[in-house]
Amino acid sequence: MAGEIEDAIERADRESFTRQPPKTLKGQIGYLLKQMGSAKAVAQELGVTADSVNRYRRGARKHARADVAAKIDDAVRQRWQPQVRKRRQRQAAASGGITVETRARFGYTAPVGTTDDGRFRRLTVHLPPAYAQRLFDARNTGAGDQEMRGIIAEGFKEIYFQDGGSRATGLSDVTLNDIDYLDLDY
């Protein structure tokens with residue numbers, strides 16, 4: 001099961017599509033066959049038989065079961081326009097940065113005499129390209145959701161809470177917990 005950060009990156013990737021993926025079952029199966037090379041490989045990915053895949057391809061079966069249809073849609077979207085995704089991610093990591101919108105509980109470690117009680121906040125913060133690069137690198141190396149949350153929390157600490165070093169300099173650690181929603185744009 002993918003985490004909130006992984007899902008947010010997937011949604012942001014889908015928003016960058018320049019063309020919509022195939023919508024019909026026959027079109028989706030045709031695309032997967034072209035990408036994966038054989039009905040057997042597609043069947044293995046989807047958890048169905050190669051005969052079922054060939055029936056979908058020929059149009060002998062017009063509709064797949066709901067769970068299989070969802071797997072087909074996910075498989076197509078994962079493979080759709082990889083160059084467009086890579087270009088957008090390279091641009092975000094090089095110059096554009098990444099905008100994070102979230103409603104979550106933020107906790108932090110602060111100096112004695114100040115409050116460090118975590119509370120829900122709704123924030124929209126533009127993080128510099130370095131954080132986008134770290135987030136994409138972490139995702140590409142298979143990092144878990146906690147590690148990616150840590151990268152975003154560190155960016156929030158620097159950009160939002162410390163305002164680039166001009167305030168809250170004693171703030172040592174920010175955590176991102178209880179995510180209500182999280183959305184990324186780049």
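Under a cut-off of 14 Å between alpha-carbon atoms, report the aspartates and glutamates in cross-link reach of Lys40, not counting same-chain residues fewer than 8 places apart.
Result set, ordered by chain and number: Asp51.
Straight-line reach only, C-alpha to C-alpha below 19 angstrom: list the lysines that Lys62 could link to, leaving out same-chain residues fewer than 8 apart.
The qualifying lysines are Lys23, Lys26, Lys71.
With labels modelled as points extended 7 Å from the Cα through the Cβ direction, what inter-label distance (nm, one decimal) is found for Lys40 paired with Asp178?
5.3
What is the set of long-range amide H partners of Thr175 at a cut-off below 5 Å, with H atoms built 1.01 Å from backbone N?
Amide H neighbours of Thr175, under 5 Å, 5+ apart: Gly107, Tyr108.
Under 17 Å from a point 7 Å along the Cα-to-Cβ line of Gln83: which residues of the range 15-57 have their amide N that close?
Output list for this probe position: 16-21, 35.
Please work out whether the chain counts as rounded, prolate or oblate from its C-alpha gyration tensor, where a ≥ b ≥ c are the square roots of the eigenvalues and a/c under 1.5 means rounded, while otherwise a/b larger than b/c means prolate and anything else oblate?
prolate
Read-outs throughout are calculated quantities, based only on the coordinates presented, and are distinct from any laboratory measurement. Predicted, not measured: the structure shown is a model, and the values here were computed from it. Every residue, glycine among them, receives a Cβ derived from its backbone with ideal geometry; neighbour counts consider all protein chains shown.
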